[in-house]
Amino acid sequence: MTIIKGPTFKICILSERHNFKNILAGKLRMENFDVEFADGGFHLLHLLERFKDEFNMIIFNEDMSDMPAFEIISMIRQTKSKSELPILFISKNDNEEEIYEMVLNGANEYVVQSANYKPIVERAQKYSLLNQKNAA
C-alpha cells in the first residue's frame with residue numbers, strides 16, 4: 001500500500017533564542033507543520049535564496065544581532081509579497097507604534113508573545129488553509 005502525502009506547509013522560525021524556537025517548533029510539528037530554523041537575518045536570507053519557494057511562512061521574534069527586524073522584512077518583501085510568503089512577527093512589546101511599523105514594513109501579522117503559543121499556531125493554521133485554497 002502506498003501512502004500519498006500531500007504538499008507540506010513549511011515554516012522557518014527565525015530566532016536567536018533556542019528555547020523559544022524549540023518549544024514553538026514542537027507545537028507546530030504536533031500540528032503536522034514542517035519546521036526549519038534560521039539563527040539570524042543573514043542566515044534566513046541565505047536560506048530563502050538557496051531554497052527559493054520551499055518556505056510557506058516565516059515566524060520570527062525580535063531583532064536579530066546581525067540585522068534589525070524591519071530590515072529583514074523589507075529585504076524579503078523585495079522579492080516576495082505578503083500573499084507569497086506570510087511573515088508573522090512576534091514581540092514582547094505591545095507598543096502600537098512598533099506594531100504599525102512592522103505591518104507597514106511588510107509583516108502580515110504581529111503577535112504579542114506570551115507563555116501561550118496557541119495564537120501563533122492558530123495563525124500558522126490560517127495561512128496553511130489559505131495556501132491550500134490558493135493552490136486548488
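Among Leu28, Leu85, Leu104, the largest mean-square fluctuation in a Gaussian network model of the chain, built with springs joining Cα atoms closer than 10 Å, belongs to Leu104.
For region 71-136, the Cα-based Rg and Dmax, in that order, read 12.7, 38 Å. What is region 10-135's relative contact order, in percent, from Cα pairs under 8 angstrom and six or more apart in sequence? Dividing the mean separation by the residue count of region 10-135 yields 23 percent. The separation of region 105-136 from region 33-94, counted between C-alpha centres, amounts to 13 Å.
Dipole check for the chain: with +1 at the C-beta of Lys and Arg, -1 at the C-beta of Asp and Glu, and the Cα centre as origin, the magnitude is about 720 Debye. Looking at region 1-90, which trypsin sites (Lys or Arg not before Pro) are in a loop (DSSP not H, G, I, E or B) and have at most 10 other Cβ atoms within 10 Å? Here the sparse-neighbourhood loop sites are Lys5, Lys52. Note on region 10-135: semi-axes of the ellipsoid equivalent to its C-alpha gyration tensor, largest first and rounded to whole Å, are 18, 18, 15.
None of the figures in this text is laboratory data; all of them are computed from the coordinates on show. All values derive from a computational prediction rather than experimental measurement. Every residue, glycine among them, receives a Cβ derived from its backbone with ideal geometry; neighbour counts consider all protein chains shown.
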